[in-house]
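Visitor: Sharing a structure here in structure tokens format.
The values are calculated or read from the model by the stated rules, or taken from the named source; none is laboratory data. Keep in mind it's a predicted model, so treat the numbers as computed, not measured. Reconstructed Cβ throughout: ideal geometry from the backbone, glycine too, with neighbour counts over all protein chains shown.
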Amino acid sequence: MHFWCLALGVALPLPTDYDNLYYMNELRTHIVVDPEIRFGKPCIKGTRITVGDILQWLSGGMTEQDIIADYPELQKTHIRAALAFAAERDAMTKVVAHETVA
């Protein structure tokens, strides 16, 4: 079974829960945060390319193939790692209601 990834424009296999946990842990190894590189923004390991860079390129209409052609040091796994990192960070975001007292 596969699911369609809009950001990548490709069909990806739908992993089982166990496979998904392993896959997500594997993807985490590609993201590093170093205060000396790009002001501590999460980057693809061994590069100065941030998760935000990849997200902006994808949201701007670049395909996975376009990004890899422009940045040959990247692989498909790096792009998926950036998406997984962003999804995980979004899942951890909590909305806190704030009441304004007049």
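Visitor: When you scan segment 76-87, do you find a residue that is at negative phi, of a type in the set (Gly, Ala, Ser) and at pLDDT 95 or above, even just one? Give the steps one after another, and end with the answer.
Guide: First pass over segment 76-87, keeping only residues at negative phi: 76-87.
Adding the requirement that they be of a type in the set (Gly, Ala, Ser) leaves 81-82, 84, 86-87.
Narrowing further to those that are at pLDDT 95 or above: none.
No, segment 76-87 contains no residue that is at negative phi, of a type in the set (Gly, Ala, Ser) and at pLDDT 95 or above.
Visitor: For Gln65, all conditions in the list (1) at pLDDT 80 or above; (2) surrounded by fewer than 17 Cβ atoms within 10 Å (Cβ to Cβ); (3) in a loop (DSSP other than H, G, I, E, B) hold save one; what is the number of the exception?
Guide: Failing condition for Gln65: (3).
Visitor: Return the only residue of Ala91, Ala97, Ala102 being modelled with pLDDT under 95 and in a helix (DSSP H, G or I).
Guide: Numbers: Ala97 fails: in a helix (DSSP H, G or I); Ala102 fails: in a helix (DSSP H, G or I).
Going through Ala91, Ala97, Ala102 in turn, just one is modelled with pLDDT under 95 and in a helix (DSSP H, G or I): Ala91.
Visitor: When you scan segment 26-33, do you find a residue that is in a loop (DSSP other than H, G, I, E, B), at pLDDT 95 or above and surrounded by 14 or more Cβ atoms within 10 Å (Cβ to Cβ), even just one?
Guide: So the first thing to find is which residues in segment 26-33 are in a loop (DSSP other than H, G, I, E, B), and the list is 29-30, 33.
Subset that is at pLDDT 95 or above: none.
No, because not a single residue in segment 26-33 is in a loop (DSSP other than H, G, I, E, B), at pLDDT 95 or above and surrounded by 14 or more Cβ atoms within 10 Å (Cβ to Cβ).
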